[in-house]
Amino acid sequence: MLSDTDKSEFPRVLEPPKFTLDDLKTAIGPELFKRNAWLSLYYFFQDVFIISALFWLVGGPLYNIMESYWYISYPIYAFVQGTFMWSLFVVGHDCGHGSFSESWLLNDVIGHLAHSPILVPYYPWKFSHAIHHANTGNLDADETYVAIAERRYRRLALYVRLVRYYLFPLWGFFLYLVFGMPRTYKSHVGLRGDLIKPEQRLRARVSLACFWGVIAVLAYLSYQYSFTFMAKLYFAPWTVYLAWISIVTHLHHTHPGTEILNLASLVRY
């Protein structure tokens, strides 16, 4: 929780905007609010096919070539595969928002199929993401992305800046899922704490079973084929995907003109 001094450094919003939500929807166009399940499934299976093909090629037919030119082949593979892993996350993200299709069942099934292989517990993430969207830019209530005042940033020690803003983003999203944000510590990989409400626990258990199941498969494959092999095949691209999440999230939430609110200045229209 930020201090009152830190909060006072952010701009306050006292007047509603000069447009309504309907005005925004009209400007965007009604055709972009139509959900097409077949088109969504096409993109999902396209991502799955490309990711599966890359795993098979690099772990099989192209393995010797990859090893011979490891210094260039594996970085290229990690970037390409990690980018498609990021695409898979986006599919699950849209399922969580209900924009994948009109069917909540299809959304949640595909959401699990998209998120579980990249170690995202779908339902717990969906629950916390809804809190984030309901409170974006709110210093007091946002669950994930909380801004930091410039004065406070300048007071941070150099090593804290380096770790938090340059090293942490590589695995930051996964650490957030496991441990939560520093001010709340709401883990997504367990049922303790107040992130998961009692009526949500059954659904959360399904996601956690998928999550820990994938962890078990990765552990088995690392034991069977060596951790080094799995690091090159899976964990390096997975790290690239996590970096993509940090980059895109930063760009989505950071702009000099973005209004940052606290409960004292928040006005609901």
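The values are calculated or read from the model by the stated rules, or taken from the named source; none is laboratory data. For clarity, every value in this text was computed on a predicted model and none was experimentally measured. We work out accessible area using only protein heavy atoms, side chains counted, and drop any ligands, DNA or RNA first. Shrake-Rupley method; radii C 1.70, N 1.55, O 1.52, S 1.80 Å.
Structural remarks
- Surface calculation, 1.4 Å probe, protein heavy atoms: Arg151 sits at approximately 130 Å² accessible.
- Scanning residues 5 or more positions from Met181 or on other chains, those with amide H under 5 Å from its amide H are Lys186, with H placed 1.01 Å from N in the peptide plane.
- Rounded to the nearest 10 Å², the accessible area of His252 at probe 1.4 Å: 140
- Here Lys34 is the anchor, and the lysines within straight C-alpha reach of less than 27 Å, apart from those fewer than 8 places off in the same chain, are Lys18, Lys25, Lys126.
- When Asp108, Asp22 are compared by accessible area at a 1.4 angstrom probe, the order from most to least is Asp22, Asp108.
- Karplus-derived 3J(HN,Hα) values for segment 27-41, using 6.51 cos²θ - 1.76 cosθ + 1.60 with θ = phi - 60°, are 5, 6, x, x, 5, 7, 9, 8, 8, 10, 4, 5, 5, 4, 5 Hz; glycine and proline are entered as x.
- Sorting Trp238, Trp212 by solvent-accessible area of protein heavy atoms yields Trp212, Trp238, largest first, with a 1.4 Å probe.
- Heavy-atom SASA rank of Tyr69, Tyr241, Tyr63 (probe 1.4 Å, accessible area, largest first): Tyr69, Tyr63, Tyr241
- For Asp23, the solvent-accessible surface computed with a 1.4 Å probe is close to 80 Å², ligands and nucleic acids excluded.
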